[in-house]
Amino acid sequence: MNALRHDPLSGRWIAISSDRINRPNFLPIVSRDPNETEPCPFCPGNEEATPPALETYSGDGRWLVRVIPNRFPAFSGNDTFVLQHHGPVFIDAPATGIHEVLVLSPSHDTTWADFSREQTDLVMFAIRDRIEAHQNTPGLRYSQAIVNSGREAGASLHHPHGQLMGIPIIPKELIEEQGNFARFSGDCLLCVAAAVEESAKERLIQATEHTITVAPYWSGSPYELLIVPRQHEAHLPHSPEATLVAIGTAIKDGLKALQSHLGDIAYNVVFHSAPYRSTTLFHWHIHILPKLTTLAGFELGTGLYINIVTPEEAAENIRAFIAPPKAADSEKVAS
Ligand SMILES: [Zn+2]
Ligand SMILES: [Zn+2]
Ligand SMILES: [Zn+2]
């Protein structure tokens, strides 16, 4: 099947080209790091190897989530954000901001796919609390939360961790998504997308009381997932705790299903929440992007992504690995 599909969120066109999967050089990249010898700075007992924690979340007498300053920050300091022009084409500005690491678990050999319910709750609360802390910092406009897992996805350490950057600009991807919410001729682009995907079913992976997970119609890469809170809300920190914990579990379920079908893959989890003081229409959401292929010249040169697995096939393959809701959850749905 070859078709162009439009991604109304990013504004990009996607080429679905499922015949290309038969090319001999397509192989899922398996994430393993056999050369790990250094002591891990994120493991319990090695806390001295990192700067002091900005925040810790504990359970049964030990920390379960730890937020620490990044030792190699891309954004730091509180210089006023001022553009400097050095001649007709050279413009720069101070990389002011905050760059933090979230140690997602005390366990070295685990991933979000295997976290307990308590662990996913605390991770989501940490993300909420740190975005709130960033937005109270003068000069900053937007926080980007990410989880890179596996070296191929950009993780430099194996221990499960995420990063949170508070930055003085609104990045292009967000500006484009916000613009596309504004241009969409309906109420909210993602409320509509979640509703139509839920009734179409063929790309639906999980529907719970608070969340919808799909392999979006416009998937730009194989097995990409989009997780949307049912309740319309632009800003992640404004969502009620019930939504946040449900999203934490939906991420776990999605990652577990991907892992069950594809093996131990590298992936990126990207949180998109509206810029702090933005009042324009937006609906916060999560992208899960398995790292199964590499962007090549065509993608880099055109911004047009070629996806060799149709989202319908991806959804069908991993839906079977989503555990049915627990009795307590289904009672809640029924009431
Ligand atoms: Zn470790
Ligand atoms: Zn919405
Ligand atoms: Zn997004």
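When you check ASN136 against the structure, is it in contact (Cβ under 8 Å) with a residue 12 or more places away in the chain and either within 20 Å of the chain's Cα centre (by Cα) or over 20 Å from ILE286 (Cα atoms) (or both), yes or no?
no
Of the residues ALA334, ALA323, ALA328, which single one is farther than 27 Å from PRO160 by Cβ, of a type in the set (A, V, I, L, M) and modelled with pLDDT under 90?
ALA334
Mind listing just one residue for me: the one in the range 129-178 that is of a type in the set (Lys, Arg) and surrounded by 18 or more Cβ atoms within 10 Å (Cβ to Cβ) and, of those, farthest from CYS40 (Cα to Cα)?
Within the range 129-178, the match that is farthest from CYS40 (Cα to Cα) is ARG141.
List the strands (runs of 3 or more DSSP E) that sit entirely inside the range 42-119 and contain at least 2 residues that are touching a Lys or Arg at 6+ places or on another chain (Cβ under 9 Å) and within 14 Å of ligand 1 (Cβ to nearest atom).
98-103
Going by the structure shown, is ALA234 touching a Pro at 6+ places or on another chain (Cβ under 8 Å) and either within 14 Å of ligand 3 (Cβ to nearest atom) or modelled with pLDDT under 95 (or both)?
Here the answer is no, as ALA234 does not meet what is asked.
What pairs come out if I take residues in the range 266-287 that are under 15 Å from ILE175 (Cα atoms) and pair them with residues that are more than 14 Å from ligand 3 (Cβ to nearest atom) and outside any loop (DSSP other than H, G, I, E, B) whose C-beta lies under 7 Å away, six or more apart or interchain?
If the second residue must be more than 14 Å from ligand 3 (Cβ to nearest atom) and outside any loop (DSSP other than H, G, I, E, B), the pairs left are PHE271/ILE127; SER273/ILE131; TYR276/GLN135; THR280/ALA182; LEU281/ALA182; HIS283/CYS191.
When the residues of the range 168-187 are narrowed to those that are part of a helix (DSSP H, G or I) and hydrophobic (A, V, I, L, M, F, W, C), which ends up farthest from the chain's Cα centre (by Cα)? Steps first, please.
First, pick out the residues of the range 168-187 that are part of a helix (DSSP H, G or I): 172-183.
Of the ones still in play, those that are also hydrophobic (A, V, I, L, M, F, W, C) are 174-175, 181-182.
Numbers: LEU174: 13, ILE175: 17, PHE181: 19, ALA182: 22 Å.
Per the stated criteria, the residue is ALA182.
So, GLU312, is that one more than 16 Å from ligand 3 (Cβ to nearest atom), over 27 Å from ILE167 (Cα atoms) and surrounded by fewer than 17 Cβ atoms within 10 Å (Cβ to Cβ) or not?
Here the answer is no, as GLU312 does not meet what is asked.
Here are the criteria: (1) within 24 Å of GLY11 (Cβ to Cβ); (2) assigned to a helix (DSSP H, G or I). Tell me which single one GLU233 does not satisfy.
All conditions are met except number (2).
Which residue is farthest from ligand 3 (Cβ to nearest atom), if the candidates are limited to the range 181-228 and must be of a type in the set (Lys, Arg) and under 20 Å from HIS261 (Cβ atoms)?
So the residue we want is LYS201.
For ILE227, are the conditions met, namely being surrounded by 18 or more Cβ atoms within 10 Å (Cβ to Cβ), within 16 Å of ligand 2 (Cβ to nearest atom), under 16 Å from the mean Cα position of the chain (by Cα) and within 24 Å of THR110 (Cβ to Cβ)?
yes
Tally the residues that are away from ligand 2 (no atom under 16 Å from the Cβ) and crowded, with 16+ Cβ neighbours inside 10 Å, restricting the search to the range 272-286. Please lay out each step first, then the result.
Just the residues of the range 272-286 that are away from ligand 2 (no atom under 16 Å from the Cβ), to begin with: 275-277.
Checking the rest, the ones that are also crowded, with 16+ Cβ neighbours inside 10 Å come to 275-276.
Matching residues across the range 272-286 total 2.
The values are calculated or read from the model by the stated rules, or taken from the named source; none is laboratory data. Treat the numbers as computed from the prediction; the structure is a model and nothing was measured. As a convention, Cβ positions derive from the backbone with ideal geometry for all residues, glycine included, and neighbour counts pool all protein chains shown.
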